Amino acid sequence: DSLHLSERSRIFFETQLDSMAQMWAVQQISPKGLQEQPNQISEEEVKKYLNEIKEDIALDYSGVMMDLVRFYSTSQHRKTEKLLGLAEGFLPVADSIFRAKNIPAELKHLVLVKSALNPHFMSEKGASGPWQFMYSAGCLYEMAIDSYIDERRDFILSTAAAAEMLKDLHKIYDNWQLVITAYNCGPSNLNRAIRRAGSHKDYNSIYRHLPSPERDIYPAFVAMLYITANKDKLGLEPEEVNWPLNTDTVMVNKKLHLGQVAEFFNKDLRLLRDLNPVYRRHLIPASYKTFTLTLPAELKDTFFAYKDSIYHFRDTFYFDIKPEPEISSGKTYASYKPNKPSGDHTAIYYTIKPGDNLGYISEWFNVGLSDLRYWNNIRGNMIRAGQRLLIYVPKDKADHFRKLDDMSLAEKQGGKAVSSPPKERKQEVEILKEGEYTIYVVKKGDNPWSIAQKFPGVSDQDIMRWNNIRPRDLRPGQKLKIKKQ
């Protein structure tokens, strides 16, 4: 009882909680008002609870354990409430895995003090993921670890591996208290501590001979078991964390950066990073095999519909793709110098669609193929859907050339864009009456599809119909009518 939590260990557990607080899900929590003063708990109450509880695992009281109860429930109680909120989504998964492996389900609480449920947490010694596997242990339990993939960060895979490791250690020590110690400090450090303690195997005897802060994981585990069972008595109220989200997975068979997906769907990159923590560089290296991508469920169908466009969306930025050199015995495009556009010309942009090629585009806009390449720093004929092209056109024809973005390939191939301005396609308009709608103010980066996601039952076509607009008409600050559902 005379032992107390060291400053080194206190910093370790505080760093865990601070790192957890940076997760996307936790940062979406609306802050509570003024912090309430947490309830004080006496040592006698804690000792009484530990003596009465019947568990397969020995739960010893110690001064360090009591310090950790106070640490989590007083100075860190706001972060602990966030951690308990996260735990409500993750611990049932760990519980089912541990029960299937036939080991005490109470061990699931170990993950709360190993990493505070943060898949990105890494210790100063290199242990990674929710269950803090070292590289060698991760490989031993068949988790893929390389420059791009780290399955130690996957909650389900690492929990299954942790259950196997705990089960294997129990075959050696036949004592769950020593198993938890060996899991955190390593069997060699535990065996050395037992020898130095004169072959005594009780935790108080070997504690001083174990490395810090790993030796304090067991008392932290006991403290967290007490806290989760007595959170009401301690005045701790778990935050309502919407995590894990309603998600679905899609198969990715081409190299893809999470940033491409985040920008395409106008989502926070941290959300996709936390949903897919195994990708160390935010890059899915699907050039040699197929990988899974976890997305919010409502994005799945759109991902399939626009998969090719997403693969090529800003790929030159994310992958630094170099243009293919053009082999030619004559003049190269790099040395071609077009005539500077006159004052009667203006710059417009055209977004490449599936099926487009440079030859078609030069004809549609009535510009030279060499000029088109020069303006956009293109060598050869390699272009990709989603890529934007800079094109100089006569000012008096700029409006009808801009309309090419809204035309189908068949319409553009009909020659309408060059010979005469294309006919406006009729768009259905619905006039909303006062009281039938609410107002949404357009923000930077919004598009009809992303706005529709904010209103259940509303589609992008609905928004354009109610406001008589096209996607390119949106401007930040613009007020849109959204029909009440």
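Computed from point charges on the beta carbon alone (+1 for Lys and Arg, -1 for Asp and Glu), the dipole magnitude for segment 155-209 about its Cα centre is near 280 Debye.
Among the trypsin sites (Lys or Arg not before Pro) in segment 1-99, which ones are in a DSSP loop with at most 10 other Cβ atoms within 10 Å of the Cβ? Mind listing them?
On the way: sites: Arg8, Arg10, Lys32, Lys47, Lys48, Lys54, Arg70, Arg78, Lys79, Lys82, Arg99; in loops: Lys32, Lys54.
Passing both the DSSP loop test and the Cβ count: Lys54.
Which order do you get for Leu390, Leu190 if you rank them by accessible area with a 1.4 Å probe, largest at the top?
Numbers: Leu390 35, Leu190 0 Å².
Result of the area sort, largest leading: Leu390, Leu190.
Rounded to the nearest 500, what is the 222 nm mean residue ellipticity of the chain from helices alone, with -39500 (n - 2.57) per DSSP H run of 4+ residues and division by all residues? Show your work: numbers first, answer last.
On the way: 25 runs with 205 residues, N = 485.
Taking each H run of at least 4 residues, the total per residue is -11500 deg cm²/dmol.
Note that segment 120-162 presents 44 Å² accessible area per residue, ligands and nucleic acids not counted, probe 1.4 Å. A 25 angstrom limit on the alpha carbon distance is what I want to check against. Which of Lys443/Lys484; Lys32/Lys479; Lys307/Lys454; Lys108/Lys233; Lys101/Lys289; Lys267/Lys397 exceed it? Beyond 25 Å between Cα atoms: Lys32/Lys479; Lys101/Lys289; Lys267/Lys397. Dipole of the chain computed with +1 at Lys/Arg Cβ and -1 at Asp/Glu Cβ about the Cα centre; of Gly138, Val241, Tyr437, farthest Cα towards the positive end is Tyr437.
Restriction of the GluC sites (Glu not before Pro) in segment 28-81 to DSSP coil positions whose beta-carbon has at most 14 other beta-carbons within 10 angstrom yields Glu36, Glu55. Quantify, in whole percent, the carbon and sulfur part of the accessible surface of the chain (1.4 Å probe; protein heavy atoms only). Roughly 48 percent, rounded to a whole number.
Rounded to the nearest 10 square angstrom, Glu214 shows an accessible area of 40 square angstrom against a 1.4 Å probe.
Only Cα pairs under 8 Å and at least 6 apart count here; give the relative contact order of the chain as a rounded whole percent.
On the way: 641 pairs, mean separation 57.7, N = 485.
In percent, rounded to a whole number, it is 12.
Surface analysis of segment 256-296 yields an accessible area of 37 Å² per residue, using protein heavy atoms and a 1.4 Å probe. Dipole check for the chain: with +1 at the C-beta of Lys and Arg, -1 at the C-beta of Asp and Glu, and the Cα centre as origin, the magnitude is about 1740 Debye.
Compute the whole-percent fraction of alpha carbon pairs in segment 188-251 spaced more than 19 Å apart. Present the calculation step by step, with values, prior to reporting the outcome.
Working: 1169 of 2016 pairs.
Above the 19 Å cut-off, segment 188-251 has 58 percent of its Cα pairs.
Could you list the trypsin sites (Lys or Arg not before Pro) in segment 116-163 that lie in coil according to DSSP, counting only those with at most 12 other Cβ atoms within 10 Å of their Cβ? Those satisfying the criteria are Lys125. Taking the longest Cα principal axis of the chain as reference, the axis of helix 176-185 is set at about 50 degrees.
Of the residues Ile29, Pro471, Phe90, the one whose Cα sits farthest towards the positive end of the charge dipole of the chain is Pro471 (charges of +1 on Lys and Arg Cβ, -1 on Asp and Glu Cβ, taken about the Cα centre).
Across the chain, the longest piece that holds none of the chymotrypsin sites (Phe, Trp or Tyr not before Pro) lying in DSSP loops with up to 12 other C-beta atoms within 10 Å covers 1-287. In plain terms, the chain from Thr247 to Ser42 could stretch by 69.5 nm, reckoned as 0.36 nm per residue minus the Cα-Cα distance.
The values are calculated or read from the model by the stated rules, or taken from the named source; none is laboratory data. Keep in mind that this is a model prediction, so the values were computed, not measured. Methodologically, a virtual Cβ is constructed for each residue, glycine included, from the backbone with ideal geometry; neighbour enumeration extends over all protein chains shown. Remember, those area values only see protein heavy atoms, side chains included, never the ligands or the DNA or RNA. Shrake-Rupley method; radii C 1.70, N 1.55, O 1.52, S 1.80 Å.
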